[in-house]
1. So, restricting to helices (runs of 4 or more DSSP H) that lie completely within segment 373-426, which ones have at least 3 residues that are open to solvent by 80 Å² or more (accessible area, probe 1.4 Å)?
2. Check off (1) within 22 Å of the chain's Cα centre (by Cα); (2) touching a residue at least 40 places away in the same chain (Cβ under 8 Å) for Trp233 and give me the number that stays unchecked.
3. Being open to solvent by 60 Å² or more (accessible area, probe 1.4 Å), in a loop (DSSP other than H, G, I, E, B) and under 22 Å from Pro52 (Cβ atoms) narrows it down to one of Asp161, Asp131, so name that one.
4. Answer yes or no as to whether Ala155 is in contact (Cβ under 8 Å) with a residue 12 or more places away in the chain, crowded, with 23+ Cβ neighbours inside 10 Å and within 23 Å of Asn317 (Cβ to Cβ).
5. Might you check whether a residue that is touching a helix residue (DSSP H, G or I) at 6+ places or on another chain (Cβ under 9 Å), crowded, with 23+ Cβ neighbours inside 10 Å, assigned to a helix (DSSP H, G or I) and touching a residue at least 24 places away in the same chain (Cβ under 8 Å) occurs anywhere in segment 276-287?
6. Among the residues of segment 215-223, is any modelled with pLDDT of 95 or more, part of a helix (DSSP H, G or I), open to solvent by less than 30 Å² (accessible area, probe 1.4 Å) and β-branched (Val, Ile, Thr)?
7. Considering each of Ala347, Ala343, Ala326 in turn, give the residue that is in contact with a Ser or Thr (Cβ under 9 Å, 6 or more places away or on another chain) and modelled with pLDDT under 95.
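The values are calculated or read from the model by the stated rules, or taken from the named source; none is laboratory data. Values in this document were obtained by computation on a predicted structure and should not be read as measured data. Here Cβ is always computed from backbone atoms with ideal geometry, including for glycine, and neighbour counts include all displayed protein chains. Remember, those area values only see protein heavy atoms, side chains included, never the ligands or the DNA or RNA. Shrake-Rupley method; radii C 1.70, N 1.55, O 1.52, S 1.80 Å.
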Amino acid sequence: MKIEKEQILGENQQQTTSHNESFDFLGSSLGKKGVDVEEVVRRLADFQVAIPSWALGAGGTRFGRFSFYGEPANLEQKIDDVGVLHALTGTAGAISLHIPWDIPEDYKAIRERAASHGLIFDAVNSNTFQDQKDAKESYRYGSLSNRSDAAREQAVQHNLDVINIGEKLGSKSLTVWLADGSNFPGQDNFQTALLNTEKSLKQIYAGLPEDWKLFIEYKPYEPNFYSTVIQDWGTSFLLANACGEKAYTLVDLGHHLPNTNIEQIVSTLMLKGKLGGFHFNDSKYGDDDSTTGSVKPYALFLIFNELVYGMQNNPQNPYPAWMIDASHNIKDPLEDLMQSLEAIQEAYAKALLVDQKQLKAAQEENDVVQCQEILQNAYRTDVRPLLERARLQRGGALNPLMAFRSLKVRENLIKERGRHTVATGL
């Protein structure tokens, strides 16, 4: 399914007057405070978030999975679904593939299909957290950290194969997340596992094209519950430094223990020029992969405040790669992703309203109350008219979720694909 511009224009016509009134009122209010509203809208319109191919079907738990009707059954259909999201929101201009779940059969045709939706290919993601059919070696006891030379060599080769696939698609980065770790004390030697991982990552790094980046993800626990080899940002940072200047840490919002100060991690990594990418989601207990902004919206805003500061003040750090890494067992996956995109844009817009000079002055005076007021005044601002104007400039829908339902997108997908399709990789 493909949404045409005329359909979006038709949806927007009913809301244009209301939008203009809201935007003019907010714009006037912000303008009096010295905010360059047009610049904020421009930055929002330019902000693009990659959609992972695995989030387009219903998620699941280790207890069960409730499939959602009309799921994309192949890579072509996944690209079409991201195309729908991008047409409606104007901010989902990239797709991130997981290999071997999404290996193209015809690379030229896949690239042309993506281009027809205005999409590019973001980071490619390797998979050594599960055994693949007919694989000679098992990852039961680890992949890049495995004590077996043969298992490590197989895992390294898989990553090099993923890079080759990414090159054919026009991707420029590889994301490595490891499930490697142990479930019981004494099961593994911590130092040996870390040294093996570093050696393996260096081999992968050596296979990177000149203009590529390596993103090293971390996670404190799960699927192993006693130790994880790359368990925190410091270990990822250590490994990225060991690999070289093209290796970076990747921060996933759900990959932290409860109440971790993620905004401080972001700030430190940007200061050191090593924040490569960011995965958006939300959580209550652990790596819940819930809709971004659904549980801790203020925490998301505080993180974006540091991201905005870093993008303005840390030229040593490359522009981060943004991606949603969320899934839901109950919601329509496309509606869930639209809600995440809205929350991300909202947090970004509010962070752009923070007067950093005023905040710096309050900090210098140790005016703690004023520091809080500056942040919370930005956070309490209803920035939705700015998001709407940014979408309007990109040809998107003023209200993507309303348009999605009005245009009966899910119903049409079910007609095209049937009720009981299952997204590949799930």
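1. Values: elements: 384-393, 400-406, 409-417.
Passing ranges, in order: 409-417.
2. (2)
3. Numbers: Asp161 fails: in a loop (DSSP other than H, G, I, E, B).
After ruling out the rest, the residue left standing is Asp131.
4. Working: in contact (Cβ under 8 Å) with a residue 12 or more places away in the chain: yes; crowded, with 23+ Cβ neighbours inside 10 Å: yes; within 23 Å of Asn317 (Cβ to Cβ): no.
No.
5. No.
6. Among the residues of segment 215-223, not one is modelled with pLDDT of 95 or more, part of a helix (DSSP H, G or I), open to solvent by less than 30 Å² (accessible area, probe 1.4 Å) and β-branched (Val, Ile, Thr), which makes the answer no.
7. Ala326
Here's the yes/no breakdown for (1) within 18 Å of Phe301 (Cα to Cα); (2) in a helix (DSSP H, G or I); (3) of a type outside the set (A, V, I, L, M):
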| position | (1), (2), (3) |
| --- | --- |
| Glu335 | no, yes, yes |
| Gln339 | yes, yes, yes |
| Ala343 | yes, yes, no |
| Tyr348 | yes, yes, yes |
| Ala361 | no, yes, no |
| Gln370 | yes, yes, yes |
